[in-house]
Amino acid sequence: MCGAEGKITQLYGKEGFADMGMTMTQKILAAAAGLNEVQAGQLIEAELDLVLGNDITSPVAIKEMDKIQAEGVFDKDKIALVPDHFVPNKDIKSAEHCKCVREFARRNEITNYFEVGEMGIEHALLPEKGLTVAGDVIIGADSHTCTYGALGAFSTGVGSTDMAAGMATGKAWFKVPAAIRFVLTGKPSKWVSGKDVILHIIGMIGVDGALYKSMEFVGDGIGNLSMDDRFTIANMAIEAGGKNGIFPVDALAENYIKEHSKKEYHIYEADEDAVYDAEYRIDLSTLRPTVAFPHLPENTHTIDEIKEMDAIHIDQVVIGSCTNGRLDDLRIAAKVLEGRHVAKGMRCIVIPATQAVYMQAMEEGLLKTFIEAGAIVSTPTCGPCLGGYMGILAEGERCVSTTNRNFVGRMGHISSEIYLASPAVAAASAIKGVIANPEEV
């Protein structure tokens, strides 16, 4: 089925696909491998639509390319290099890393190189720039590359050596993953967002509950989730051990693609008889704001359970990251903070995910709301999420963060604690100085 601009190819039921009951992910991988069908566990070599690296992982990949004496990159338009972890550079070492990536990008005339002034956090920036679309096969030397499944792409994190091979050849080997089906129904309540959905799922199945499996989300409840919600859910598939997370391409996703990209895209749908290792049904209307306690994303408690505990005092709040630094996230946080002030002694750090998000937040007055509430606003960076900078925790300190990992020492001292939460819960906690319910501020 062709659209008005001739940019859409509908592949569900396309002649050549055998009736073998494939999932969305399996159909994408079959097409990329030039095969009529694939099965879980099968090893394939697939053509890549995009290879991604950042300022931490790219230098390693570049050195590997030098070792194999690769003659440039396979396609300068299908590589994206986004220094975002320690940018603007926090020290000499990070400056050297970025210099390495910058010079590689210039030497190979990489089209999609984004640094200070036009940058953003990679997994928010690439969809915004239209580099990730439905049906793509994308690898990135960053574990949260699975974000782009929100657009109906197969995207997954790889090591820097695989990134090097991908940049050199445009191909990658995959073991075709089995799948778990998550049927989402109903409509989430006011303060429940995509972050609460994925934390609920991880709390339910555990951090290895989807180990090397495709997490495939379906159901009429998806229509009640914004694109930003879907990006958040797909982003954290890796926190359940997933190889990737993926959503069907509905009208909302297709409109997003058309708005941001001029690339041709391909829509795949799972067969009705596709095989899944497990199926979970989740009524979104029953979910409550959820927080992951230290030191694993599976250690979840609802805001109602937390209310029954002794107050958990916190020192810092971070609202941002590739998980929750998009415009909807900032709007929700600003709604909670508007007309209020963060607790005395509280450090509240807001980090828009991209320059475009930063600009829109400024135009809408969100940044003014944050600053008047006693928060600070940073340029786009991963910064505190991985204990890089812009919010390192000292011994014994606690942080409520909208990031994606709360491992021991993740944001600083090994005795510090990270509580993963939605922007609404994070903002409410900044006001109260304890983990708080946004319904009660």
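N324 is checked against (1) within 18 Å of the chain's Cα centre (by Cα); (2) at pLDDT below 95 and fails just one. What number does that condition carry?
(2)
Name the strands (runs of 3 or more DSSP E) wholly within region 340-441 that hold at least 1 residues that are over 18 Å from D329 (Cβ atoms), touching a Ser or Thr at 6+ places or on another chain (Cβ under 9 Å) and open to solvent by 60 Å² or more (accessible area, probe 1.4 Å)? Before you say what the answer is, go through the steps one by one.
Numbers: elements: 347-350, 398-401, 417-420.
Hits in region 340-441: 398-401.
Would you say T145 is β-branched (V, I, T), buried (at least 24 other Cβ atoms within 10 Å of the Cβ) and in contact (Cβ under 8 Å) with a residue 60 or more places away in the chain? Even if it seems obvious, please write down each step before you answer.
Working: β-branched (V, I, T): yes; buried (at least 24 other Cβ atoms within 10 Å of the Cβ): yes; in contact (Cβ under 8 Å) with a residue 60 or more places away in the chain: yes.
The answer is yes for T145.
Checking P248 against (1) in a helix (DSSP H, G or I); (2) buried (at least 16 other Cβ atoms within 10 Å of the Cβ); (3) not aromatic (F, W, Y), only one condition comes out false. Which one?
Evaluating P248 over (1) in a helix (DSSP H, G or I); (2) buried (at least 16 other Cβ atoms within 10 Å of the Cβ); (3) not aromatic (F, W, Y) leaves (1) as the failure.
Would you mind telling me which numbered condition in (1) closer than 21 Å to D328 by Cα; (2) outside any helix (DSSP H, G or I); (3) under 16 Å from the mean Cα position of the chain (by Cα); (4) hydrophobic (A, V, I, L, M, F, W, C) L184 fails?
(3)
For region 273-290, what are the residues that are open to solvent by 50 Å² or more (accessible area, probe 1.4 Å) and among the small types (G, A, S)?
Applying the first criterion (open to solvent by 50 Å² or more (accessible area, probe 1.4 Å)) to region 273-290 yields 273, 275-277, 279-281, 283, 285-286, 288.
Scanning region 273-290 gives a single hit, S285.
Residues of region 219-248 being of a type in the set (A, V, I, L, M) and either more than 11 Å from the chain's Cα centre (by Cα) or modelled with pLDDT under 95 (or both), which ones?
Taking region 219-248 and keeping what is of a type in the set (A, V, I, L, M), we get 222, 225, 227, 233-234, 236-238, 240, 246.
Residues satisfying the conditions are I222, L225, M227, A240, I246.
Do the conditions hold for A168, that is, is it open to solvent by 10 Å² or more (accessible area, probe 1.4 Å), in contact with a Phe, Trp or Tyr (Cβ under 9 Å, 6 or more places away or on another chain), in contact (Cβ under 8 Å) with a residue 60 or more places away in the chain and assigned to a helix (DSSP H, G or I)? Spell out how you get there, then give the answer.
Numbers: open to solvent by 10 Å² or more (accessible area, probe 1.4 Å): yes; in contact with a Phe, Trp or Tyr (Cβ under 9 Å, 6 or more places away or on another chain): yes; in contact (Cβ under 8 Å) with a residue 60 or more places away in the chain: yes; assigned to a helix (DSSP H, G or I): yes.
When the stated conditions are applied, A168 passes them.
Condition check: in contact (Cβ under 8 Å) with a residue 40 or more places away in the chain, under 15 Å from S285 (Cα atoms) and in a helix (DSSP H, G or I). Does H200 satisfy that?
Working: in contact (Cβ under 8 Å) with a residue 40 or more places away in the chain: yes; under 15 Å from S285 (Cα atoms): yes; in a helix (DSSP H, G or I): yes.
For H200, the condition - in contact (Cβ under 8 Å) with a residue 40 or more places away in the chain, under 15 Å from S285 (Cα atoms) and in a helix (DSSP H, G or I) - is met.
From the residues in region 207-230 that are open to solvent by 10 Å² or more (accessible area, probe 1.4 Å) and in a loop (DSSP other than H, G, I, E, B), which one is nearest to N404 (Cα to Cα)? Quick ask: steps written out before the conclusion?
At the first step, the residues of region 207-230 found to be open to solvent by 10 Å² or more (accessible area, probe 1.4 Å) are 207-209, 211-213, 218-220, 223-224, 226-229.
Keeping just the survivors that are in a loop (DSSP other than H, G, I, E, B) gives 207-209, 211-212, 219, 226.
Numbers: V207: 12, D208: 15, G209: 17, L211: 17, Y212: 18, G219: 25, S226: 19 Å.
Result: V207.
Are any residues in region 291-305 open to solvent by less than 60 Å² (accessible area, probe 1.4 Å) and either free of Cβ contacts under 8 Å to residues at least 24 places away in the same chain or in a strand (DSSP E or B) (or both), and if so, which ones? Break it down into steps so the answer makes sense when it comes.
Let us first name the residues in region 291-305 that are open to solvent by less than 60 Å² (accessible area, probe 1.4 Å), namely 291-294, 297, 299-303.
V291, A292, T300, H301, T302 - these are the residues of region 291-305 that are open to solvent by less than 60 Å² (accessible area, probe 1.4 Å) and either free of Cβ contacts under 8 Å to residues at least 24 places away in the same chain or in a strand (DSSP E or B) (or both).
The values are calculated or read from the model by the stated rules, or taken from the named source; none is laboratory data. The structure displayed is predicted, hence computed values, not measured ones. Cβ: placed from backbone, ideal geometry, glycine included. Neighbour counts: every protein chain shown. Surface accessibility is based on the protein's heavy atoms, side chains included, excluding ligands, DNA and RNA. Shrake-Rupley method; radii C 1.70, N 1.55, O 1.52, S 1.80 Å.
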